[in-house]
1. Read through the list (1) free of Cβ contacts under 8 Å to residues at least 40 places away in the same chain; (2) closer than 25 Å to residue 143 by Cβ, then give the number of the only condition that residue 39 fails.
2. Suppose the filter is assigned to a helix (DSSP H, G or I), away from the ligand (no atom under 16 Å from the Cβ) and buried (at least 16 other Cβ atoms within 10 Å of the Cβ); does residue 113 pass it?
3. Quick one: residue 92 ticks every box in (1) surrounded by fewer than 18 Cβ atoms within 10 Å (Cβ to Cβ); (2) closer than 26 Å to residue 24 by Cα except a single one, so which number is it?
4. Kindly establish whether residue 75 is exposed (fewer than 12 other Cβ atoms within 10 Å of the Cβ) and in a loop (DSSP other than H, G, I, E, B).
5. Can you name every residue in the stretch 4-16 that is farther than 13 Å from residue 89 by Cα and surrounded by 14 or more Cβ atoms within 10 Å (Cβ to Cβ)?
6. What pairs come out if I take residues in the stretch 121-145 that are under 16 Å from residue 66 (Cβ atoms) and pair them with residues that are assigned to a loop (DSSP other than H, G, I, E, B) and within 6 Å of the ligand (Cβ to nearest atom) whose C-beta lies under 9 Å away, six or more apart or interchain?
7. Consider residue 135 carefully, then state whether it is in the same structural domain as residue 188 (by TED's automatic domain parsing) and away from the ligand (no atom under 16 Å from the Cβ).
8. Give 129, 125 a once-over and let me know the one that is within 16 Å of the ligand (Cβ to nearest atom) and surrounded by fewer than 18 Cβ atoms within 10 Å (Cβ to Cβ).
Ligand SMILES: [Ca+2]
């Protein structure tokens, strides 16, 4: 038996709001969601995420679940992952999916954007070495495409390779034919998403408590 999850005090609610940028009301909703997922216990494990209907339809579900346990995203020291997360950890991860507030300064918006991109980057850089290699990238593309069922593994591989080549040319400019592209660094990653308004696009249908949702 784990520890039972208690309702945070008013003061704890305030502190969490300040730390994560969520409103008190949002924290209340997320707390209920957390409690539902953990079955009333104080921590969440990977298995608990497997019951989320919206997530079960997501082709990159295993990467999303892993992201919740990734020390880099939890802003803890060291690399690797943890076995279970508490409510504050949960809020920390959920805050990466928060849309930008109205009246944000340019600087705040840029900071938020960078954090979100860092989160996405970590999701792809599965071995924590600071580079998204062709192998890692291919893995994601294959998972995304395998859902459609129409494409074979070889085709998915070819699409990933072609996309990576394009990424390489955006990141480093002209490459000689014998030059080897080692992979996407975070700086490259920022360049690639330069024209994408990621801060409004990155969200997750995660608050949906409806358990009747079916995969489409
Ligand atoms: Ca890597």
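1. (2)
2. yes
3. (1)
4. yes
5. 5, 8, 12, 13
6. Within 9 Å, the pairs are 125/133; 127/133; 132/125; 136/125; 136/127.
7. Here the answer is no, as residue 135 does not meet what is asked.
8. On the way: 125 fails: surrounded by fewer than 18 Cβ atoms within 10 Å (Cβ to Cβ).
From the options 129, 125, the qualifying one is 129.
The values are calculated or read from the model by the stated rules, or taken from the named source; none is laboratory data. Bear in mind that the values here come from a model prediction, so they are computed numbers and not experimental data. All Cβ positions, glycine included, derive from the backbone under ideal geometry; neighbour counts span all protein chains shown.
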